[in-house]
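Engineer: Take this structure, written in structure tokens, and hold onto it; I'll ask about it next.
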Amino acid sequence: ITTAPGFRIWSKVEIEDFIRTKPFKRRTQFSGPNWIVNQRSIGSCNAAAAVGALRRNMAINGRNEVPMLNWEFVYAQINGGKDNGSMLIDGMEELKIKGAPPLDLVKHPINRHWKENQYDAADYEAAKAFKAEACFAIDSELELATFVLSGGSAVVAVHVGNSFSSLNSKGFAGASGGPGNHAVVVDDVELIDGQLAFDMPNSWGLGWGDSG
């Protein structure tokens, strides 16, 4: 579906004014190994980003105990474990319709890193009944900024090119032109040199970028 009914997109001036006066950075709220995962070689950026965004929203909305929704559980279900950063809807639909897969899929060789990422049987039990309520597409930069600054955590497909890995002193990279080939969470929005900059946790571990 498209944007949720009743959602009003802020103007660029409203967004910039909000950023200048907001009291905190979400980056500090969702930092560290509990939030920044490492997909290693299994290529499950879209599952990692989908689950990461949902867990963040659960935390923001006051849920006391946010389950460790293992993105590798979701990865096991998407086309037999074959996905890429541009197939975001697959990951979101799996969470909305199926929730967590059976444990035998969790232990599938596709998910060979699930123990390394510190998920255990208790995490699976907490997550297996979970299903996302809805998913919708975001169509513009202003809509994305409004959604994130209103308390949401979105998933976007970005193009990993040369500029994607060239981070400046503030941990941000310039836009990299091309089709989306990698999925990331969007945690926050900042102003960098007068331009909107989206703070995006990546699924390449704490060693990438500014602590992930």
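Engineer: Return yes or no: is Gly171 modelled with pLDDT under 85 and among the small types (Gly, Ala, Ser)? Spell out the reasoning first.
Structural biologist: Values: modelled with pLDDT under 85: yes; among the small types (Gly, Ala, Ser): yes.
Yes: the conditions hold for Gly171.
Engineer: How do the strands (runs of 3 or more DSSP E) wholly within the stretch 151-212 filter down when requiring 1 or more residues that are open to solvent by 40 Å² or more (accessible area, probe 1.4 Å) and more than 26 Å from Leu54 (Cβ to Cβ): which remain? Walk me through it before giving the result.
Structural biologist: Values: elements: 154-158, 182-186, 188-192, 195-199.
The qualifying strands (runs of 3 or more DSSP E) are 188-192, 195-199.
The values are calculated or read from the model by the stated rules, or taken from the named source; none is laboratory data. Note that the structure is a prediction, hence the values are computed from the model and not measured. All Cβ positions, glycine included, derive from the backbone under ideal geometry; neighbour counts span all protein chains shown. Note: areas computed on protein heavy atoms with side chains; ligands, DNA, RNA excluded. Shrake-Rupley method; radii C 1.70, N 1.55, O 1.52, S 1.80 Å.
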